[in-house]
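The block underneath contains the structure these notes are about, expressed in structure tokens.
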Amino acid sequence: MPQHEHVLIVDFGSQVTQLIARRLRESGVYCEVHPYNRLGDSFLQRFAPRAVILSGGPSSVHWDNSPRAPQDVFDLDVPILGICYGEQVICAQLGGEVAASDQREFGRAEIETVQSSPLFAGLSASETVWMSHGDKVVALPDGFRVIAKSENAPFAAIANETRQIYGVQFHPEVVHTPCGAQILRNFTHGIAGLSGDWTMAAFRQEEIAKIRAQIGTGKVICGLSGGVDSSVVAVLLHEAIGEQLTCVFVDTGLMRQNEADEVVTMFSDHYSIPLIHVDAGDEFLGKLSGVSDPEKKRKIIGGLFIDIFEREASAVGGADFLAQGTLYPDVIESVSFDGGPSVTIKSHHNVGGLPARMKMKLVEPLRELFKDEVRILGRELGLPESFVGRHPFPGPGLAIRIPGEITPERVAILQKADAVYLDEIKKAGLYDDIWQAFAVLLPVRTVGVMGDERTYDYVLALRAVTSTDGMTADYYPFDHDVLGRMSTRIINEVRGINRVVYDVTSKPPGTIEWE
């Protein structure tokens, strides 16, 4: 464990629990998320948090066997903040009362401060917040007072300053609560007195020391995908152990246009990292032939990756460790308590461990970081902005951006169309304003007339979103002239497409994942 001030986030199953951790990290506070039912006495003593945050969750505290915080959490004598369900847990466990509400509160609401509190230091008397609850607090425990209310939540925020226990009925962690970051900072820096001593420079040095201690004189094989995560892993490992690292870049044939050449050039020429380039496009396409289900595609691709790594590890004289870019959201999802909405492990990461037949151990130096933190680390390591600033690209690549069967023809069409789309975004100076943009080749053909002939070709869907956290997103509002240029170029330059549509679907708070 890093020797930093740290906060424990108790997870009751909210789909946005990860955002609490992100907001705290943004203010320099190291924190970890752990399920409510995995907090034994020994863990709490070992972790020794300086503060505790109780997350939201989908349950009602008046249900039988609903989640509760271990009583030892309240006996730690550290500041506690309950968020939504977390506030209700505080009330239920400390002698208050919670009941089902006739008036549920979902979405934006206005809270009004009714008594001053260090939790709301620097805020206006009225603030916009994001509510998401169907229950309400109807009686406070002894020693608590109301510090804010809303139209439908008379106990929108509560406090026991003597015990430094606070609760809010809204979600300060989501961007839809504009003052939320300040509220969380007031709790961590003001009430808990934390200095915010966790920086990326410190993480870099600490992680290099950890890697050297873990690896010793062993050999590491690292799978490069061409994305930000694996690129940062490779450069960090090379800085830590030098020639003990061999990178394996598997060209699945499902990457973006020219991406394979860019990866090989950067790592072989610029960084001089030992690199094995495996052209496995035919192998992957063969395995995927006739497969339409997206989850089956993921599993086929993941399994074949492992097979190739094993094969290449043997070819270089054996490797003791396999490095991969597991991130903290993957770790959180892999240990979510039973029944939680985030329980599904992402199938393109081996966060549950490698297959038993493999003799290699995992090295996951990024497993404490969120996606945006990986980019910061990449810049700290000196990676070129062209790599660090790349839009996220899923592990299965274009396989899940071609609904239905994967064929060489469809892959070629999508690669070219996607390249034109991204080129137009860059020409318009919009690439850095967009969190992720990609094209999807729909399993639909339409009749069209192009010039003097009739065509029967595919429909291409374009998607572009803005996001600050990767969990909530809104579509990017392209100017119609920009969309027109994109569509014209794609139809003119990419044979096989005669319709282009733009997806304006948003991803609201609470949705776990989308591609």
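Scaled to the compact-protein estimate 2.2 N^0.38 Å, what is the alpha-carbon radius of gyration of the stretch 1-152, rounded to two decimal places?
In units of the 2.2 N^0.38 Å rule of thumb, it is 1.05.
Mind checking the full-extension length gain between V444 and R495? Use 0.36 nm per residue of separation minus the Cα-Cα distance, one decimal, nm.
Once the chain is fully extended between V444 and R495, it gains 16.9 nm.
Keeping the other protein chains in place, figure out the carbon and sulfur percent of the accessible area of the chain, with a 1.4 Å probe.
Reported share for carbon and sulfur atoms: 48 percent.
Quick check: residue separation of R379 and E239 times 0.36 nm, minus the Cα distance between them. What number comes out in nm?
Taking R379 through E239 to full extension adds about 49.0 nm, to one decimal.
Using only Cα atoms and rounding to the nearest 10 degrees, what angle (0 to 90) does helix 228-241 make with the longest principal axis of the chain?
90 degrees
How many nm is it between the label spots at H62 and D432, if each spot is 7 Å from the Cα in line with the beta carbon?
Simple spin-label model gives 5.3 nm for this pair.
Can you pull a Stokes-Einstein diffusion coefficient for the stretch 1-80 at 20 °C (1.002 mPa s), Rh from Kirkwood over Cα pairs, as a whole number of µm²/s?
Once the numbers are plugged in, D ends up at 163 µm²/s.
Does the stretch 198-244 classify as rounded, prolate or oblate by the C-alpha gyration tensor (a ≥ b ≥ c root eigenvalues; a/c under 1.5 gives rounded; else a/b over b/c gives prolate, otherwise oblate)?
Judged from the Cα gyration tensor, the stretch 198-244 comes out oblate (a/c at least 1.5, b/c at or above a/b).
Leaving out same-chain residues fewer than 8 places away, which lysines sit with a Cα under 19 Å from that of K210?
Those lysines meeting the cut-off are K219, K361.
Please report the projected area of the chain's Cα convex hull averaged over all directions, in nm².
Seen from a random direction, the Cα hull of the chain projects 26.2 nm² on average.
Stokes-Einstein diffusion coefficient for the stretch 425-468 at 4 °C in a medium of 1.567 mPa s, Rh from the Kirkwood formula over Cα pairs: what value in µm²/s?
102 µm²/s
Once fully extended, how much extra length lies between T468 and R145, figured as 0.36 nm per residue of separation less the alpha-carbon to alpha-carbon distance?
Contour length minus Cα-Cα distance gives 112.9 nm.
By the scheme Lys and Arg +1, Asp and Glu -1, what is the net charge of all other residues having a beta-carbon under 13 Å from that of G389?
+1
With just the Cα atoms of the stretch 362-515, tell me how far they stretch along each of the three principal axes, in Å, largest first.
Taking max minus min along each principal axis of the Cα atoms, the stretch 362-515 gives 57, 35, 33 Å.
Using a basic spin-label model with each label point 7 Å from the Cα along Cα→Cβ, how many nm lie between D269 and Q257?
My value for the distance between the label points is 2.0 nm.
Using only the alpha-carbon atoms of the stretch 260-332 as identical scatterers, what base-10 log of I(q)/I(0) does the Debye formula give at q = 0.22, 0.25 Å⁻¹?
The calculated log intensity ratios at q = 0.22, 0.25 Å⁻¹ are -1.19, -1.21.
Hey, rough spin-label estimate for R163 and S195, points 7 angstrom out along Cα→Cβ, what's it come to in nanometres?
In this crude spin-label approximation the distance works out to 3.1 nm.
Give the cross-link partners of K416 among the lysines, using a straight C-alpha distance below 24 Å as the criterion and excluding same-chain residues fewer than 8 apart.
Cross-link targets: K287, K297, K426, K427.
Can you give the local net charge around V10? Use residues other than it whose beta-carbon is closer than 13 angstrom to its beta-carbon, Lys and Arg +1, Asp and Glu -1.
Around V10, the surrounding residues sum to -2.
So which lysines pass the test for K136, namely a Cα distance under 30 Å, with those fewer than 8 places away in the same chain ruled out?
K149, K507
Per residue and in Å³, how big is the convex hull formed by the alpha-carbon atoms of the stretch 367-423?
Convex hull of Cα atoms, per residue: 111 Å³.
Compute the accessible area per residue over the chain, keeping the other protein chains in place, probe 1.4 Å, unit Å².
Dividing the accessible area of the chain by its residue count gives 42 Å².
Tell me the relative contact order for the chain as a rounded percent, counting alpha carbon contacts under 8 Å between residues six or more apart.
Relative CO of the chain lands at 12 percent.
Once the dipole of the chain is set up with Lys and Arg at +1 and Asp and Glu at -1 on Cβ about the Cα centre, which of S506, G216, H270 lies farthest towards its positive end?
The one lying farthest along the dipole's positive direction is G216.
With unit charges on the beta carbon (Lys/Arg positive, Asp/Glu negative), name the residue among F393, A92, L369 whose Cα is farthest towards the positive pole of the charge dipole of the chain.
F393
The values are calculated or read from the model by the stated rules, or taken from the named source; none is laboratory data. Fair warning: this is a prediction, and the values are worked out from it, not measured in the lab. Because the Cβ atoms are built from the backbone with ideal geometry, glycine has one as well, and the counts that use them run over all protein chains shown. For the accessible areas, the whole protein counts, side chains as well, though only heavy atoms, and no ligand, DNA or RNA atoms are used. Shrake-Rupley method; radii C 1.70, N 1.55, O 1.52, S 1.80 Å.
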